[in-house]
Each structure stands twice: as C-alpha cells, then as structure tokens.
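**Student:** Shown below is the structure under consideration.
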Amino acid sequence: MANKRILITGAAGFLGSHLSDRFIKEGYDVVGMDNLITGSLRNIEHLFKLKEFEFYNHDVSRFVHVPGKIDYILHFASPASPIDYLKIPIQTLKVGSLGTHNLLGFAKAVGARMLIASTSEVYGDPDVHPQNEEYWGNVNPVGPRGVYDEAKRFQEAITMAYHTYHNLETRIIRIFNTYGPRMRLDDGRALPAFMGQALRGEDLTVFGDGSQTRSFCYVDDLVEGIYRLLLSDYVHPVNIGNPDEISIKDFAEEIIRLTGTDQKVIYKDLPKDDPKQRQPDITRAKEILGWEPKVSRSEGLKVTLDYFKNLPEFSGK
Ligand code: UDP
C-alpha cells in the first residue's frame, strides 16, 4: 500500500521541520512547503536525500497546488515571534488568512484532513488563568501583536466554517510557548535571546520587571500532541503546552545557572501588550488525546543549549 502523503507548510521552520522528521519516521511521504522568509533550509537539509521527502519553495498566500494525492495538511507557515511579525506584519496577516483560505480550498478539492497551528495568542493578555479552550480571549486588534493574534483568530473561524459548511475534516491546535533545537537565534524570543546572550558573554535582557510568566513546552512533547490530535476525531480547539509556569526573571536566572556564566540580568522596557501571565489548562488534551508533556524544563533546556553551542556562530566550525 502506498504511504500516506502529508503536506506540511512552514516545513523549513522550527516546528515544521520537527514535524517533517516525525511524519517521515512514522512512514509518511512528506511534502514540505515554505517561502523561506523566516524558515531556513538548514533545518531540513538532512531530508532532501530521502525519497519520502520533497520540497516546494512557495508562498501559501498565493494559490496552492500540489500534484498527486494528499491525505493530510498541517498548516504551520507563519512568522511566530513578536520581532518577526513587527518586521513583516502584512505577510503575517496574509499567511494566516489568505494562506489558510487557499489551503482549506485545496484540502476540500483533494479530500484531505487539515490541522491548523493556532496559538495561545488567541487568548491575548488573558484575564482567566490558566487558560482553557472555553475562554474567548483579551486581544488588542490594533496593537503590535494584533497582526498575528487576529490572523490566527480568523484562521480558527474560517477553519471551523469549512468544517461546518463543507464537512471538511479539520483540527485546531492552540500552541503555547514551545522551545527546542532549530529555534532561530535572532528571532527575538526570550529563550534564544537569553541563550545567545549567555554564550556571547553578554548580560541577559529581561523586559519589564520580569514578573510576567510563561510556560515552556519542549518541542518533542508538542509534536506528540499534534500527531495525536491529527489522528483523533476531535474538531474543537485543543491547547497543547506544558503547564509548568515560570516568571521570565526566574527563567533568565535558570539559563545563567545552566550556562555557568557570570552574566547578570539587566532590565529593559516591556513591549506594548506583552501578556502578563500564560499557562495552558491541558485538561482537554489529557482527556481526549491521553496526552501530557513528558520532558522537564531542565532536560529540554540542556538539549537546546547543546544545539546553540554547536552552531557555527559559537562552535567556530
Ligand atoms: N523577553 C525578555 N527578554 C528578551 C526577549 C523576551 O524579557 O530578550 C520577554 C518577553 O517580553 C515576554 C517573554 O519574555 O514577556 C516571552 O517572550 P517570547 O517572545 O519568547 O514569547 P511571547 O511573548 O510571544 O510569549
């Protein structure tokens, strides 16, 4: 029997590349698609030699077509860090809205099941804590994060509409902060920023007083949750994240201890609309998918630090 064939958009990105690895390991043929604005071929270089992998350099905001059968689509193309979507706000809006529409149309035409990567950002700066899927969110549509948050909210709405009106098989995952190897060192996120600073011998820049919280999930745990959700029959949104919550100041100090440097934390202005707290309620994922995270922050951070240390910037290789 022919392998199942899956289209993964954003395949050259942090999450897309790990998903490509996982689905190849599970015996799928993977079609990767990326326009390489924020993704990097370095993340998928090792896959090009495999007959199970092919790649299209394409922007999904324009008409999408892939010849041959497609059984599943994972839509993971999008800038995903506040620095990136401040730099390319229009592309961010387009990939979440027009891109999702094109892919839903394609899914309908070929009879594929489609999973979209939504985000904890749909909850905005939440006034419910921890956030469960019933909470509607507190988003500023015209703030700096609006281009990402509203594109993702629209993405959920149009995906649900295709499910309701066209009976399309759809899945929605809300991803909380995730980290691991292949994050971009310069994407401005807290973890690569702190690790990069520690490795360069610079002080770690905490924004605001560092009392804002996040809950960091290791990438392999996230990928497992996505895999289970795709193959489940559940159509409503599911939070996937690690509920282990930490303040950003404590997180920076944890990274200083891990790297064994004598750098300090220094404080900078808090960006506008930076959420004060964030922690996933994963009751639904536990009940429906039998999923919960397995990798502790200390294990995950070690693996991630090794990845950064081995980059040419730091290893000199
Ligand atoms: N942050 C920080 N220093 C940095 C980069 C980020 O203190 O160099 C803060 C940021 O303001 C936010 C938190 O760390 O409160 C997490 O930021 P990230 O961009 O990783 O994720 P998001 O805000 O999208 O959850």
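**Student:** So, in the range 261-301, exactly how many residues are among the aromatic types (Phe, Trp, Tyr) and part of a loop (DSSP other than H, G, I, E, B)?
**Tutor:** Selection size over the range 261-301: 1.
**Student:** Taking the range 76-117 as the search range and keeping residues that are outside any helix (DSSP H, G or I) and in contact with a Lys or Arg (Cβ under 6 Å, 6 or more places away or on another chain), which one is farthest from the ligand (Cβ to nearest atom)?
**Tutor:** Step by step, filter the range 76-117, then rank; the result is Leu115.
Yes/no per residue for (1) out of contact with any Ser or Thr (no Cβ under 7 Å at 6 or more places or on another chain); (2) hydrophobic (A, V, I, L, M, F, W, C); (3) more than 15 Å from the ligand (Cβ to nearest atom); (4) free of Cβ contacts under 8 Å to residues at least 24 places away in the same chain:
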{"residue": "Thr213", "(1), (2), (3), (4)": "no, no, no, no"}
{"residue": "Tyr218", "(1), (2), (3), (4)": "yes, no, no, no"}
{"residue": "Val235", "(1), (2), (3), (4)": "no, yes, yes, no"}
{"residue": "Glu245", "(1), (2), (3), (4)": "no, no, no, no"}
{"residue": "Gln279", "(1), (2), (3), (4)": "no, no, no, no"}
{"residue": "Gly290", "(1), (2), (3), (4)": "yes, no, yes, no"}
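**Student:** Now for a separate question. May I ask you to list the residues in the range 169-189 that are within 27 Å of Pro141 (Cβ to Cβ) and either at pLDDT below 95 or in contact with a strand residue (DSSP E or B) (Cβ under 7 Å, 6 or more places away or on another chain) (or both)?
**Tutor:** Thr170, Arg171, Ile172, Ile173, Arg174, Ile175, Phe176, Asn177, Thr178, Asp187, Gly188 - these are the residues of the range 169-189 that are within 27 Å of Pro141 (Cβ to Cβ) and either at pLDDT below 95 or in contact with a strand residue (DSSP E or B) (Cβ under 7 Å, 6 or more places away or on another chain) (or both).
**Student:** Would you check which residues across the range 251-269 are loosely packed, with under 15 Cβ neighbours inside 10 Å and within 16 Å of the ligand (Cβ to nearest atom) and list them?
**Tutor:** Result: Lys264, Ile266, Tyr267, Lys268, Asp269.
**Student:** Test Ala193 against the criterion of being within 16 Å of the ligand (Cβ to nearest atom), open to solvent by less than 20 Å² (accessible area, probe 1.4 Å) and either outside any helix (DSSP H, G or I) or modelled with pLDDT of 95 or more (or both), and give yes or no.
**Tutor:** Criteria not met by Ala193.
**Student:** Among the residues of the range 166-188, is there at least one that is within 28 Å of Ala107 (Cβ to Cβ) and in a helix (DSSP H, G or I)?
**Tutor:** Yes, some residue in the range 166-188 is within 28 Å of Ala107 (Cβ to Cβ) and in a helix (DSSP H, G or I).
**Student:** Could you list, ordered by first residue, the pairs with Cβ atoms under 7 Å in which the first is in the range 298-317 and in contact (Cβ under 8 Å) with a residue 12 or more places away in the chain and the second is surrounded by fewer than 14 Cβ atoms within 10 Å (Cβ to Cβ), at least 6 apart or interchain?
**Tutor:** If the second residue must be surrounded by fewer than 14 Cβ atoms within 10 Å (Cβ to Cβ), the pairs left are Lys309/Ser315.
**Student:** Going by the structure shown, is Glu224 more than 16 Å from the ligand (Cβ to nearest atom), assigned to a helix (DSSP H, G or I), under 30 Å from Leu305 (Cβ atoms) and open to solvent by 10 Å² or more (accessible area, probe 1.4 Å)?
**Tutor:** yes
The values are calculated or read from the model by the stated rules, or taken from the named source; none is laboratory data. This structure is a prediction, so every number in the text was calculated from the model and none was measured. Heads up, the Cβs are rebuilt from the backbone with ideal geometry, glycines too, and the neighbour counts pull from every protein chain shown. For the accessible areas, the whole protein counts, side chains as well, though only heavy atoms, and no ligand, DNA or RNA atoms are used. Shrake-Rupley method; radii C 1.70, N 1.55, O 1.52, S 1.80 Å.
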